[in-house]
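One structure is given here, and the rest of the page talks about it.
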Amino acid sequence: MFFGRLKLCYIVSRLTLYRRVSNVKYLILGLNDYLSFLGHNYGTPSFHIRSLNTCRTMATGGEVTTPPKHQNRLVYEKSPYLLQHASNPVEWYPWGEEAFEMAKREDKLIFLSVGYSTCHWCHVMERESFENEEIAKVMNEHFVNIKVDREERPDVDKMYMSFVQAASGHGGWPMSVFLTPDLQPISGGTYFPPEDRWPRPGFLYGGTFSDNRQKFSESGNKIVEVLKRTSVLDAAASGKHINVPGEECWKKCIEQLSQSYEPQFGGFGESPKFPQPVNLNFLFHVHSREPNSEAGSRALDMCIYTLKMMAKGGIHDHVAQGFARYSTDERWHVPHFEKMLYDQAQLAVAYSSAYVATKDPFFADVVRDILTYVSRDLSDKSGGFYSAEDADSYPTHGASHKKEGAFCVWTYNEVTSLLNKPVDGNNDTSLATVLSTHYDIKPQGNVNPYQDPHDELKNQNVLIALGSEEETANKLKLDLATVQTALKEGREILYEARQKRPRPHLDDKMLTSLQCLMISGFAKAGQALQEEVYIQRAIIAANFIKKHLYNPTAETLLRSCYKGTDGNIAQIGLPIQGFLDDYAFLIRGLLDLYESCFDSSWLEWAEVLQDQQDRLFWDDEGAAYFTSSASDTSILIRLKE
């Protein structure tokens, strides 16, 4: 849903990776993206924070507060991602007219860097290149450098990601693109190391644009024209009548999902495995439409097994609830540990649908688990929801370097020390024995070294339930109730121990589209489980949007708001206007909310928003919706999904 690979590589031939420029001190290198090297690891999150009043960690692991050595224009922004780069030696600009005018006035290429605050390789590239004084000097001398939070500006991200994908067949973050002063892309890729590191070229750039204006401009113009053509529906372009997809379309979709289904552990495709809740939602609809047919039964089976395996796996946080972004292996065991709001929202809907279809309390428990995490860790006091928690954190207070998963993983010795209490008066069996048996906790750790290329998880355990609670009870010769009580108590003790660890970074940006997905999550859960408290939470979130992200006079939405330094809701000087997904997801959220509480005011607001969505985004000539409005002239191509 949030990231689709555009299969444009058959249209555009691969761009030249190495371009020599006359009178250039360095080479412009690039284009093959790091995703192919990582196995399509779409932006593995981590965190390397920088802020204006940052605490500088000393070599001893102690901390001392010192003013930053550098300060650039990003200090005036409120996006957590942009603020992370506000003290880089690179003279970053935010996306806007000031940067564009500077590039034109000085006749320089633009270097555009796009990412998000919990993106692992974004912060690797920051640490290696953007904090490097020598590289920053070259960048500042030869380029106008622009930093963009892809979650704030999905239109900018989508446009230039289409270019990168068209040229290489892949995409991901950080995205690194070179633009002419009139914003035409000429070359790009994703992650680059600071020096040549096979198979990646190093990140040292330089040169003059003016000597090669025609060559660069022609290259960019050709790519942009191709991308413009791909955004037009063939039938619309030829004036033919467009039929709504029918039975053949959804049957083909079932066939494709069945072919990509992985029957041993559930899910679709090979590792890395993403939850892909949109696939599950579609299959639940298939089952609802034809519950007694072979296709309907097959659709339900794929959903139920996948959701059970995910809930038992390490992608599910058994201690502190919620789901990580994706699993690096086929077993749903070792995740990249970042937790995204949009995953919690969509999985809450999927598990609610599973409960409605089966009435199995297992799925109701998972729904409550997800919403407990969101209510506790991703909720603002004003009623909004934060965007994400990071994957990396300091393993101990005073540590000098962050590690992926440090907040979440356990050594065997930690578990045995914390859970040494006997179970139900039985001195032969401790809480540690029960949890180690059930969650596969081992003295040497349970992480496959192939899933840990940087040895950050060596001797660590990621909790995974390989069997059922009944199987654990039989193995330990305990009754089921005793095992369930022991597991619950053990998880609570581990949770309290975890709270004493340094917490991962929280992206407290509040995006309209994600608020709306969460409204659907709470509303659907309240309806399925018949729990009024969830419906009320959805209503609070809807009112939050109405208060902070909606202009009732213009009947338009804003893209985002932020948690201010005083803890209250803050906004940037020029608020970002809403995009198609903000309107579409809010309309759907309001429909879900209406179905859960039958308050017609939500339905009436959805009608107003639908009319506005049609005015802002509908293509009268070519049909379908653009993802951005026509008001921003810096967007060269209005794309469609």
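The values are calculated or read from the model by the stated rules, or taken from the named source; none is laboratory data. The model shown is predicted, which means the values in this text are computed figures rather than measured ones. FYI the Cβ positions are ideal-geometry reconstructions off the backbone, even for glycines, and counts take in every protein chain you see. We work out accessible area using only protein heavy atoms, side chains counted, and drop any ligands, DNA or RNA first. Shrake-Rupley method; radii C 1.70, N 1.55, O 1.52, S 1.80 Å.
Going by what's in this entry, would A623 be described as in contact (Cβ under 8 Å) with a residue 24 or more places away in the chain and not in a loop (DSSP other than H, G, I, E, B)? Don't jump to the end; show me each part of the working.
On the way: in contact (Cβ under 8 Å) with a residue 24 or more places away in the chain: yes; not in a loop (DSSP other than H, G, I, E, B): no.
So A623 fails the test.
Residues in region 156-172: is at least one modelled with pLDDT of 95 or more and part of a strand (DSSP E or B)? Among the residues of region 156-172, not one is modelled with pLDDT of 95 or more and part of a strand (DSSP E or B), which makes the answer no. State whether the residues of region 553-567 include one that is under 28 Å from E101 (Cα atoms) and of a type in the set (A, V, I, L, M, F, W, C). Looking for residues that are under 28 Å from E101 (Cα atoms) and of a type in the set (A, V, I, L, M, F, W, C), one finds at least one in region 553-567, hence yes.
A count restricted to region 372-394 and to residues that are in contact (Cβ under 8 Å) with a residue 60 or more places away in the chain, touching a helix residue (DSSP H, G or I) at 6+ places or on another chain (Cβ under 8 Å), crowded, with 17+ Cβ neighbours inside 10 Å and not in a loop (DSSP other than H, G, I, E, B) stands at 5.
Of the residues D365, D369, which single one is in a helix (DSSP H, G or I), touching a strand residue (DSSP E or B) at 6+ places or on another chain (Cβ under 9 Å) and open to solvent by 10 Å² or more (accessible area, probe 1.4 Å)?
Details: D365 fails: touching a strand residue (DSSP E or B) at 6+ places or on another chain (Cβ under 9 Å).
Result: D369 is the single residue among D365, D369 that is in a helix (DSSP H, G or I), touching a strand residue (DSSP E or B) at 6+ places or on another chain (Cβ under 9 Å) and open to solvent by 10 Å² or more (accessible area, probe 1.4 Å).
Looking only at residues in region 64-100 that are in contact with a Phe, Trp or Tyr (Cβ under 6 Å, 6 or more places away or on another chain) and open to solvent by 40 Å² or more (accessible area, probe 1.4 Å), which one is farthest from D157 (Cα to Cα)? Looking at the filtered set, the residue picked out is R73. Reported count of residues in region 119-154, each being open to solvent by 10 Å² or more (accessible area, probe 1.4 Å), within 30 Å of Y625 (Cβ to Cβ) and in a helix (DSSP H, G or I), is 1.
Show me the helices (runs of 4 or more DSSP H) entirely contained within region 214-319 in which 1 or more residues are buried (at least 17 other Cβ atoms within 10 Å of the Cβ) and at pLDDT 95 or above. Passing ranges, in order: 247-260, 277-289, 294-312. Only one of the numbered conditions (1) outside any helix (DSSP H, G or I); (2) under 25 Å from the mean Cα position of the chain (by Cα) is violated by L586, and that is (1). Taken over region 405-458, the criterion of being without any contact (Cβ under 8 Å) to a residue 40 or more places away in the chain, assigned to a strand (DSSP E or B) and open to solvent by less than 40 Å² (accessible area, probe 1.4 Å) is satisfied by S430 alone.
Return the residue satisfying two criteria in turn: it lies in region 580-614 and is of a type in the set (F, W, Y) and more than 14 Å from L517 (Cβ to Cβ), and of such residues it is most open to solvent (accessible area, probe 1.4 Å). Spell out how you get there, then give the answer.
Here is the first cut: in region 580-614, the ones of a type in the set (F, W, Y) are 583, 585, 594, 598, 602, 605.
From what's left, more than 14 Å from L517 (Cβ to Cβ): 594, 598, 602, 605.
Details: Y594: 65, F598: 144, W602: 14, W605: 14 Å².
Per the criteria, the residue is F598.
Against the numbered list (1) farther than 26 Å from E389 by Cα; (2) assigned to a loop (DSSP other than H, G, I, E, B); (3) in contact with a Phe, Trp or Tyr (Cβ under 6 Å, 6 or more places away or on another chain), S187 comes up short only at (2).
Could you please give the count of residues in region 504-537 that are of a type in the set (S, T, N, Q) and either under 21 Å from the mean Cα position of the chain (by Cα) or open to solvent by less than 10 Å² (accessible area, probe 1.4 Å) (or both)?
Taking region 504-537 as the starting set, the residues that turn out to be of a type in the set (S, T, N, Q) are 512-513, 515, 520, 527, 530, 536.
Then keep just the ones that are either under 21 Å from the mean Cα position of the chain (by Cα) or open to solvent by less than 10 Å² (accessible area, probe 1.4 Å) (or both); that gives 512-513, 515, 520.
Number satisfying all stated conditions: 4.
Remark: H397 falls outside the filter, which requires a residue to be at pLDDT below 95, open to solvent by 10 Å² or more (accessible area, probe 1.4 Å) and out of contact with any Ser or Thr (no Cβ under 6 Å at 6 or more places or on another chain).
So, A542, is that one in a helix (DSSP H, G or I) and either of a type outside the set (A, V, I, L, M, F, W, C) or in contact with a helix residue (DSSP H, G or I) (Cβ under 9 Å, 6 or more places away or on another chain) (or both) or not? When the stated conditions are applied, A542 passes them. Do we have R501 as among the basic types (K, R), open to solvent by less than 40 Å² (accessible area, probe 1.4 Å) and closer than 30 Å to A541 by Cβ here? It is true that R501 is among the basic types (K, R), open to solvent by less than 40 Å² (accessible area, probe 1.4 Å) and closer than 30 Å to A541 by Cβ. Taking the stated definitions as given, is I540 surrounded by fewer than 21 Cβ atoms within 10 Å (Cβ to Cβ), more than 18 Å from F363 (Cα to Cα) and touching a residue at least 60 places away in the same chain (Cβ under 8 Å)? Judged against the criteria, I540 is a match.
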